[in-house]
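Reading through the structure tokens given below for one structure.
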Amino acid sequence: MVFIRKVKIGDKTYLAEVKSVRIGDKVKQEFIRYVGREINGKRIFSGSSEDIEVNNVKIWAPLIVLDSLAKKIGLSELLGDYGEYLLSMVYAHCIEPKNLNHMEDWFTRTDLHNILKIKEVSEEKLYNALDSINDKNLAIIQKKIFRSVTEGYNLHPKGYFFDVTNVYFYGTECPIAKKGHNKDGSHNPQVQIGLAVTKEEGIPIFHKTFEGNIFDSRILQDFLVEFNDLNIEDITLIWDRGVTSEINIIDAKRAGFEVICGLAIKQDVQKKVDQMLSNKNEFMQLKNRVRLKNTVLYCIRQKYKYGSINGQLVLCFNEEKARINKEKRIDQIQKAQELIKKKKPISEGIRYYFNNDDTINEKAIRESQEYDGCSVIFSTKNLSIEEIVKPYFEKDKVEKAFRSLKSILGLKPIKHWLEERVKSHIFICYISYLLLSLLEVKLKKIEISGVIGLDKLSTAYKVSLRNKKIKNDFEKIVTLTREQEKIIKAVDKKIMKLNVVTKN
């Protein structure tokens, strides 16, 4: 009988092929040849490539990196009894978004049975996992996760960005899918998602799903309770003008938060803006210039009372945006003129710039141009202009989170019609974005985004091999590139203790 035996020589362990032979009344092991070494508990076999055949190739590196991030915050335990199955869906959303009925096949092409310690996934198990997440435990789970994140990553957030987005449905069977207002002008059934992220890192704090016909300002009121329960001091909430209302600001102040928010240019705000714009030459001076990452603003401020709330009003002018808006409007008007000549209909929005006899309404154009490039911000706290303006215009962190939820993670028009399944599906996407944002924090020092980092790791497979000659099965990680090694080490150096080899 031929088998593999460990042979210790110094501090090294070699693998020897031996066979049992009978000599007289005794059975002894006869050395045949050395076939490899054991390193860090892993068997590394040598031999002719002709003796080796590939059994299968498994997705490995992106998964082991995501799992390392999840383990650091104890995510599986926080997700409950079906934590590993929920994580399998989370990892799939991060790497290769799939519908549930494709998960079983995808799972077999990964090393998740080793990483998550589950033998297989089934449609029944995955649906049970989704059903384990409900409104009763969703808020509690999210708060526990965020506390674990702040402790694990030593975060001390000083501000929250808050915004609302919508997700469309193919059908109308879901009870919370309603027709409502949206930026796209779509009339499809939708649900609304409120999301808050940290100001500095863009890490998600909390999300909640609402019926599609609920206004943004009403959604914030639900969030204020959740924010308050986190017991974090010195927080400023930052949101866009679609969420702003006097009652929302009052409620935020009562909950102990300061507010930086956008205001629509209408009614009393418009009068104030007209006064501030009356001397534009004084406005466009070096002392009022604020440099942002990708643009330049000119900003002035005044004390202002929004309803019953005292604060600071900042008027911002973006010269480049004003020019772009002006030219875009002219292009649309000229296109509408061509349509009118051909006796074709034009949109209601552009019809505003034409008189009843289809001549151009110059007054309407001048009135619209008056506020091109203008934005108005209100702050309840007495801060410098830069302290108000920069956080507000850097709220793209929450917009980036929504883009990631909708595109990268496959949160697009969805077919699930059970209300709780819809919310669970969105929760899976939310956790996926959480891991991507944590990966972004880890990779910041090597200047690689989370999504690009996972993509670069996609070719680092685990390969299952078989030595036909000695009939031995073993696994090997494909040789890592220097860049892949750099990404893995940035996440967790302990991962490199596995049997991996780096090539130039």
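Selection of helices (runs of 4 or more DSSP H) fully inside the range 58-157 by the criterion of at least 2 residues being surrounded by fewer than 15 Cβ atoms within 10 Å (Cβ to Cβ) returns 100-108, 123-131, 135-152.
Scoring F317 on the criteria (1) in contact (Cβ under 8 Å) with a residue 60 or more places away in the chain; (2) under 24 Å from N382 (Cβ atoms) leaves a single failure, condition (1).
If you go through the range 31-38 one residue at a time, do you hit one that is crowded, with 16+ Cβ neighbours inside 10 Å, of a type in the set (F, W, Y), at pLDDT below 70 and assigned to a strand (DSSP E or B)? No - not one qualifying residue is present in the range 31-38.
For first residues located in the range 382-407 and at pLDDT below 70, partners that are among the aliphatic types (A, V, I, L, M) and part of a loop (DSSP other than H, G, I, E, B) and lie 6+ apart or on another chain with Cβ distances below 6 Å form the pairs L405/L411. Suppose we filter F257, F223, F215 for residues that are at pLDDT below 80, buried (at least 17 other Cβ atoms within 10 Å of the Cβ) and of a type outside the set (S, T, Y); which single one remains? Unique residue meeting the criteria: F223.
A search for C-beta distances below 6 Å between a residue of the range 143-166 that is within 17 Å of K208 (Cα to Cα) and any residue that is in a helix (DSSP H, G or I) and among the β-branched types (V, I, T), counting only pairs 6+ apart in sequence or on different chains, returns F161/V398; D163/V398; V164/I219. Does the range 423-430 contain at least one residue that is modelled with pLDDT of 85 or more, surrounded by 16 or more Cβ atoms within 10 Å (Cβ to Cβ) and aromatic (F, W, Y)? Yes; the residues of the range 423-430 include at least one that is modelled with pLDDT of 85 or more, surrounded by 16 or more Cβ atoms within 10 Å (Cβ to Cβ) and aromatic (F, W, Y).
When every residue of the range 481-488 is checked against the conditions, at least one turns out to be in a strand (DSSP E or B), modelled with pLDDT of 75 or more and over 15 Å from L63 (Cβ atoms). Residues that are over 32 Å from the mean Cα position of the chain (by Cα) number at least 2 in the following helices (runs of 4 or more DSSP H) confined to the range 229-299: 267-277, 280-283. If I filter the range 262-278 for residues that are within 18 Å of K199 (Cα to Cα), in contact (Cβ under 8 Å) with a residue 60 or more places away in the chain and surrounded by 12 or more Cβ atoms within 10 Å (Cβ to Cβ), do I get at least one hit? Yes: one or more hits. I'm checking my understanding of the structure. Among residues of the range 316-344 that are in contact with a Ser or Thr (Cβ under 7 Å, 6 or more places away or on another chain) and closer than 21 Å to I300 by Cα, which one is surrounded by the fewest Cβ atoms within 10 Å (Cβ to Cβ)? Only one residue tops the list, namely E320. Within the range 43-57, restricting attention to residues that are in a strand (DSSP E or B) and either modelled with pLDDT of 70 or more or among the small types (G, A, S) (or both), the residue that is nearest to K494 (Cα to Cα) is V57. Restricting attention to the range 448-472 and to residues that are charged (D, E, K, R) and modelled with pLDDT under 90, the residue that is surrounded by the fewest Cβ atoms within 10 Å (Cβ to Cβ) turns out to be K471.
The values are calculated or read from the model by the stated rules, or taken from the named source; none is laboratory data. Because the structure is predicted, anything quoted here is derived from the model rather than measured. Using ideal geometry, Cβ is built from the backbone for each residue, glycine included, and neighbour counts are taken over all protein chains shown.
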